[in-house]
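The values are calculated or read from the model by the stated rules, or taken from the named source; none is laboratory data. In this text the structure is predicted, and so the values were computed from the model without any measurement. Glycine also receives a Cβ, built like all others from the backbone with ideal geometry; neighbour counts cover every protein chain displayed. Heavy atoms of the whole protein, side chains included, go into the accessibility calculation; ligands, DNA and RNA do not. Shrake-Rupley method; radii C 1.70, N 1.55, O 1.52, S 1.80 Å.
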Amino acid sequence: MRKNFVFLLFFNILCVSRLFAQQAPDSTFIVKGFAIAAPKPSGVDDFVKFVNQELAPRKINTLILRVDFNYQFKSHPELRDSAALSKGDVKKILEACQKNGISIIPQINLLGHQSWAGKLGKLLEVYPEFDETPWVKMPANKDYKWPNDDKLYCKSYCPLNPGVHKVVFDLADEICDVFEAKAFHAGMDEVFYLGEDKCPRCGGRDKAVLFANEVQTIRDHLAEKGRELWIWGDRLIDGRATGIGEWAASYNDTYRAVDMIPRDVVICDWQYDEDNQTAVYFALKGLRVVTCAWNHPQVAVNQVEDIYRSRKISSKEMRYRFYGVAETVWSSPVQFFNGYYGKAPNTRGDNTEGNCFKVMFDKVSELDQVK
């Protein structure tokens, strides 16, 4: 027990030291991030080109890379996508990022997002016993519609299944090792299925406690190897009290978990359609927060200005919790690059991922020059 206490104390000191070591005296935004799905093997060269020609000149320093099952895992080859990145592919991306001072944070969706539309994700496809809601069947004709009678959005795994963590932690460890990552992003957004009454393990349990315990379990595993946990923040916001709703916040009571999770977890706070200034909420809770934009440039500009202003006017204790900003891309890298470089028709005017990325980091650059 004493040994574990000493280790955790050392890890917490290390995290705080790392946090302050990252602060340059003139640093306005500690994290300047970009989040996107990992490319398929055929797209690695284009991805590396984008890192060199677009991320590096904008001084992006953090790449959140949604890998999921797009890697040739050795620990669980049964969970590989049909066309998945090799270790050599990863090294190409890693070398480009290291050359440009960009840290990679790989992401595998844990807890939620174990299905999409009419398709199961690899984890539940291979291990159906992990399903939180096995009685909810995927659309037989693959014709997914929302809303539907089952209120099916994305399935979750059951966090109390005795076998699930061995599998997902094998994946997390392997992908962090190959990317030489000091942090791991576990997703955990849009969790609609949790603590379901018909689940024999977690039925009737407090959903906030279930969510917080899963965050703690993942965080503690990563801490054993000196790694940080990053997650999306939507499940930690009360969707009703704030009026934000059930997508960018929670209607199933998980929001109370915000007071139960470790304070060294980094929150990626996505509020895409409105500038709800929820970064202040997370910072007041003692958590570092990265404000994330998507495809509304003016909202992104407002959010960048919010983080800048909050860092300038807050107390010393609060200032460093306003950790930075990130642009998030939810199309595939191929789709994003085609839109970004004008190779695909634009039907959305200014409200595109590519334009939001440019406008957002133009504003970051502008504010970085203000002394």
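Some observations on this one:
- Extent along the principal axes, Cα only, for region 215-371: 46, 39, 38 Å, with the longest axis given first.
- Note that region 40-116 shows a convex hull volume over its alpha carbon atoms of 110 Å³ per residue.
- Dipole of the chain, positive direction: furthest Cα of Tyr308, Leu111, Ser156, with charges on the beta-carbon: Tyr308
- Ranked by the mean number of other Cβ atoms within 10 Å per residue, highest first, peptides 205-215, 303-313 order as 205-215, 303-313.
- Highest-first arrangement of 61-73, 248-260, where packing means the average Cβ count within 10 Å: 61-73, 248-260
- When each of Lys151/Lys207; Lys74/Lys225; Lys122/Lys166; Lys145/Lys358; Lys119/Lys151; Lys99/Lys312 is checked by Cα-Cα distance, pairs over 24 Å: Lys145/Lys358; Lys99/Lys312
- Placing +1 on each Lys and Arg Cβ and -1 on each Asp and Glu Cβ, with no other charges, gives the chain a dipole about its Cα centre of roughly 880 debye.
- Average accessible surface for the chain: 45 Å² per residue, computed with a 1.4 Å probe over protein heavy atoms with every protein chain in place.
- Summed side-chain charge close to Ala257 - residues other than Ala257 whose Cβ falls under 14 Å, Lys, Arg +1, Asp, Glu -1: 0
- Helix-only mean residue ellipticity at 222 nm for the chain, each DSSP H run of n ≥ 4 adding -39500 (n - 2.57), per residue, nearest 500: -11000 deg cm²/dmol
- Point-to-point label distance, Asp368-Asp259, nm (Cα→Cβ direction, 7 Å offset): 3.9
- Most positive-pole-ward Cα, Val370, Val258, Trp232, against dipole of the chain from beta carbon charges: Val370
- Net charge of Cβ neighbours under 10 Å - reference Met360; Lys, Arg +1; Asp, Glu -1: +2
- With the convex hull drawn around the C-alpha atoms of region 238-288, the volume per residue stands at 75 Å³.
- Length available on full extension from Lys119 to Gln53: 0.36 nm per residue minus the Cα-Cα distance, which gives 20.3 nm.
- Rg/Rh (Cα only; Kirkwood hydrodynamic radius) as it applies to region 301-371: 1.10
- Three semi-axes describe the equivalent ellipsoid of region 119-204; taken as square roots of 5 times the Cα gyration tensor eigenvalues and ordered largest first, they are 26, 16, 12 Å.
- Identified option (computed Cα extents along the principal axes in Å; candidates (i) 86, 46, 45; (ii) 58, 52, 42; (iii) 61, 61, 41): (ii)
- Net charge of neighbours whose Cβ lies under 10 Å from the Cβ of Ile267, counting Lys and Arg as +1 and Asp and Glu as -1: +1
- Counting only protein heavy atoms and a probe of 1.4 Å, the accessible surface of the chain is 52% carbon and sulfur.
- Globularity index of region 79-145, i.e. its alpha-carbon radius of gyration over 2.2 N^0.38 Å: 1.52
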